[in-house]
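Reviewing the structure listed below.
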Amino acid sequence: MKIESAKLIICSPDRNFVTLKIVTDEGIYGLGDATLNGRELAVASYLTEHVLPCLIGRDPFQIEDIWQYLYRGAYWRRGPVTMSAIAAVDMALWDIKGKALNTPVYNLLGGKSREGVLVYTHANGSDIAEAVDSVQRHAAEGYLAVRAQSGVPGVASSYGVPKSGKPYEPAERGLPSESLWSTEKYLNFVPKLFDAVRKACGEDLHLLHDVHHRLTPIEAARLGKALEPYHLFWMEDPTPAENQEAFRLIREHTVTPIATGEVFNSFWDAHDLIRNQWIDYLRMTIVHGGGITALKKAADFAAVYQVRTGFHGATDLSPVTMAAALHFGLAIHNFGIQEHMPHTKLMDEVFPHAYSFNAGYMYPGDAPGLGVEIDEALAAKYPYQRAYLPIARKLDGTLTDW
Ligand code: CS2
Ligand code: MG
């Protein structure tokens with residue numbers, strides 16, 4: 001079998017997606033997600049101009065060699081654009097292999113290690129009452145784990161809280177919006193949120209919270225300590241992780257579990273965090289981390305230090321990545337939890353898939369390969385529109401992490 005052609009399908013059904021389709025000379029094709037929220041066309045260009053010409057004629061079964069060829073052969077290392085491009089190729093090749101061998105990808109990763117993939121979803125509200133109601137609604141839908149985010153009194157707009165009644169979608173068409181942020185108000189507020197959620201929802205529901213890179217290490221330590229009475233499943237992205245050593249300080253002050261890594265694109269971004277057990281869950285995911293091949297290596301290293309996976313799964317990761325993450329999460333031993341921010345009805349129509357949700361768990365299905373398709377005719381009706389993630393500034397105007 002040889003790779004005969006490869007193309008990108010760039011579309012925007014409610015939000016932008018970049019999808020790679022690799023077709024073999026035997027008619028079998030594979031799909032890969034290449035979506036990098038706010039920088040989509042950078043990855044599209046990297047693939048079209050520099051990667052796809054090198055794939056034609058290669059054996060699609062040589063997944064490891066092609067990964068190494070694209071990683072080492074570029075000479076320049078790492079970065080979200082490069083690794084998202086490599087990830088798209090990698091996902092498509094695993095999809096092809098599963099289809100050619102007539103087996104779901106999880107069987108190529110060691111087979112089932114569990115029956116279903118535990119997932120968590122997003123609950124949010126403009127204030128505590130709305131946020132508690134949202135958590136209760138998602139728990140009633142069957143979720144066993146729910147992330148809670150809320151507006152912060154005195155702060156005009158907070159991460160994770162939609163401006164309208166629609167599901168939260170951070171990317172905005174047109175130029176980046178700017179919002180103001182107050183860490184002080186946030187730190188005084190969040191414990192009250194979780195006190196109210198625990199009182200309303202009881203002790204058994206897994207609760208998660210995304211700090212979204214906004215605190216200094218000592219502020220994150222303070223928050224972790226303040227949240228201990230509410231025994232969160234995790235506190236996510238407590239501080240920017242370029243300085244992995246910063247997590248040592250947080251760890252010394254709190255037993256609230258820590259998750260980070262959704263902005264990572266290489267195992268090296270997490271090397272010290274894992275080997276020092278400064279985190280409990282690795283959020284690095286398949287589309288931005290270099291694909292299934294790369295994440296298998298990272299997850300196996302993490303397993304040695306009892307660090308589990310907690311892959312990113314927001315709507316800006318396409319259903320192709322969700323499918324790949326579910327196969328991965330079903331198979332590996334040190335799986336922790338999978339984020340499930342459900343895509344919209346239109347997105348699901350553009351990307352028909354075999355995966356499903358039931359009673360707090362998701363199942364990749366047993367279709368050969370990844371079990372996800374793309375309706376190219378429908379996708380063509382929704383052309384790409386430039387969009388950006390928001391920018392955040394502190395109350396004094398200092399630019400800060402969104
Ligand atoms: C968030 C994401 O889901 C999460 O944990 O951090 O919504 C993130 O803000 C977006 O994926 C950025 O594109
Ligand atoms: Mg996050």
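For region 7-66, the set of residues classified as surrounded by fewer than 16 Cβ atoms within 10 Å (Cβ to Cβ) and assigned to a strand (DSSP E or B) consists of LYS7 only. Screening GLY73, GLY125, GLY98 for residues that are surrounded by 14 or more Cβ atoms within 10 Å (Cβ to Cβ) and outside the structural domain of LYS192 (by TED's automatic domain parsing) leaves exactly one candidate, GLY98.
Residue check, PRO319 against (1) over 24 Å from GLU64 (Cβ atoms); (2) within 16 Å of ligand 2 (Cβ to nearest atom), all met but one. Which one? Failed condition: (2).
May I ask you to verify whether ALA392 is over 18 Å from the mean Cα position of the chain (by Cα) and either touching a residue at least 60 places away in the same chain (Cβ under 8 Å) or within 16 Å of ligand 1 (Cβ to nearest atom) (or both)? Against the criterion (over 18 Å from the mean Cα position of the chain (by Cα) and either touching a residue at least 60 places away in the same chain (Cβ under 8 Å) or within 16 Å of ligand 1 (Cβ to nearest atom) (or both)), ALA392 qualifies.
Here ILE274 clears all of (1) away from ligand 1 (no atom under 16 Å from the Cβ); (2) farther than 22 Å from ALA246 by Cα; (3) surrounded by fewer than 24 Cβ atoms within 10 Å (Cβ to Cβ) except the condition numbered (2). From the list SER150, SER158, the lone residue that is buried (at least 17 other Cβ atoms within 10 Å of the Cβ), within 16 Å of ligand 2 (Cβ to nearest atom) and modelled with pLDDT of 95 or more is SER150.
In summary, LYS185 fulfils each of the numbered conditions (1) in contact with a Gly (Cβ under 7 Å, 6 or more places away or on another chain); (2) more than 16 Å from ligand 2 (Cβ to nearest atom); (3) outside any helix (DSSP H, G or I) with the single exception of condition (3). Starting from residues that are in contact with a helix residue (DSSP H, G or I) (Cβ under 9 Å, 6 or more places away or on another chain) and within 16 Å of ligand 2 (Cβ to nearest atom), keep the ones in region 289-316 and report whichever is farthest from VAL105 (Cα to Cα). So the residue we want is THR315. Would it be correct to say that GLY57 is touching a residue at least 24 places away in the same chain (Cβ under 8 Å), on the phi > 0 side of the Ramachandran plot and away from ligand 1 (no atom under 16 Å from the Cβ)? Yes; evaluated as a whole, the condition is true for this residue.
Taking the condition of being among the aliphatic types (A, V, I, L, M) and either within 16 Å of ligand 2 (Cβ to nearest atom) or closer than 17 Å to HIS312 by Cα (or both), how many residues in region 334-393 meet it?
Qualifying residue count for the region: 5.
Could we say that TYR281 is out of contact with any Cys (no Cβ under 8 Å at 6 or more places or on another chain), of a type in the set (Ser, Thr, Tyr) and over 24 Å from VAL43 (Cβ atoms) here? For TYR281, the condition - out of contact with any Cys (no Cβ under 8 Å at 6 or more places or on another chain), of a type in the set (Ser, Thr, Tyr) and over 24 Å from VAL43 (Cβ atoms) - is met. There is no residue in region 213-224 that is in a loop (DSSP other than H, G, I, E, B), away from ligand 2 (no atom under 16 Å from the Cβ), assigned by TED's automatic domain parsing to the domain that holds LEU118 and in contact with a strand residue (DSSP E or B) (Cβ under 8 Å, 6 or more places away or on another chain). Among all residue pairs at least 6 apart or on different chains, which show Cβ distances below 8 Å where the first residue, located in region 235-264, is within 13 Å of ARG283 (Cα to Cα) and the second is more than 16 Å from ligand 2 (Cβ to nearest atom) and aromatic (Phe, Trp, Tyr)? Matching pairs, first to second residue: ILE258/TRP278. Against the definition (of a type outside the set (D, E, K, R), within 16 Å of ligand 1 (Cβ to nearest atom), without any contact (Cβ under 8 Å) to a residue 60 or more places away in the chain and not in a loop (DSSP other than H, G, I, E, B)), how does VAL190 come out, yes or no? Answer is yes for this residue. Restricting the search to region 322-333, which residues are more than 16 Å from ligand 2 (Cβ to nearest atom) and assigned to a helix (DSSP H, G or I)? Correct list: ALA323, ALA324, LEU326, HIS327, PHE328, GLY329, LEU330, ALA331.
When you go through (1) within 23 Å of the chain's Cα centre (by Cα); (2) in contact (Cβ under 8 Å) with a residue 40 or more places away in the chain; (3) surrounded by 15 or more Cβ atoms within 10 Å (Cβ to Cβ) one by one for ARG173, which number turns out not to apply? Going through (1) within 23 Å of the chain's Cα centre (by Cα); (2) in contact (Cβ under 8 Å) with a residue 40 or more places away in the chain; (3) surrounded by 15 or more Cβ atoms within 10 Å (Cβ to Cβ) one by one, ARG173 breaks only (3).
The values are calculated or read from the model by the stated rules, or taken from the named source; none is laboratory data. Just so you know, these numbers come straight off a predicted model, no measurement behind them. Virtual Cβ from ideal backbone geometry, glycine too; neighbours counted across all protein chains shown.
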